[in-house]
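As structure tokens, the structure follows; a few thoughts come after it.
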């Protein structure tokens, strides 16, 4: 990446002759009429020495950390559940004394020059790997261009202007349209390494300005919600007298070793759940108490819905 502005200075002197005589013509003059007197008149002609200084500047963009204002050759998103979003802010810095039009593009084919450990980062747009052998049967994500978005993705930066940009990682999982009609496999972990290119655009020439492009590697991981109930549904309460509560316990296992889970339950007649909502840390288990208190006669079968939420969308 470009960490500083490249400035090249050129200085030259131009001698200018100011004369009241007519400029020389292409007509030949006899040799007898030329001599030292003409040369003295030419040397005596007034002249002015003008010094012209010029400076050539190249556009340069930098991506900075919003807290430390240090350069960011790469950035990482925390692990994110499918169908949720995670956002990060960065600062785009125009490190030049001229206004610069910029354009941000997502490039999955970039080589990632300037990023250390090219083979140490996650596989680019992985479609395989451990636990992902059946990714084609399980489903896929939509076009990669929608996975990471940048706002504003284009604009004009004034000289030395710093502008905040919002980067959003939004992994999506599209279920397979083939296979068993009553079976959908759980999506697997998927790692991404993408590259954002910030282009300094010359709007006058309708082309990118050379030397001003910037490439930033973006690493992210999409995870599925992995929950296990014990015992497995359905729960059998059997025949129960009216207004006589009976309680069963259900263990909810958060099998993710990375992300916590937040849950909330829906109200159902004759059934109460305690706690009605809560938080399950990674690799932890929470016990739910489900109490059945029939208030009338007859079959009272019901379906208790437990909403699994992320921390961003949890209902307080």
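Ordering 226, 257, 213 from the fewest to the most neighbouring beta carbons within 10 Å gives 257, 226, 213. Among 67, 75, sorting on how many other beta-carbon atoms sit within 10 Å of each Cβ, with the fewest leading, yields 67, 75. Shape of the range 227-309 from the C-alpha gyration tensor: prolate (a/c of 1.5 or more and a/b above b/c, with a ≥ b ≥ c the square roots of its eigenvalues). Among 195, 81, sorting on how many other beta-carbon atoms sit within 10 Å of each Cβ, with the fewest leading, yields 195, 81.
Where a number appears in this text, it was derived from the coordinates with a stated rule and is not lab data. Just so we're clear, the structure is a prediction, and the values are computed from it rather than from any experiment. With ideal geometry, Cβ positions are generated from the backbone for all residues, glycine too; neighbour counts draw on all protein chains shown.
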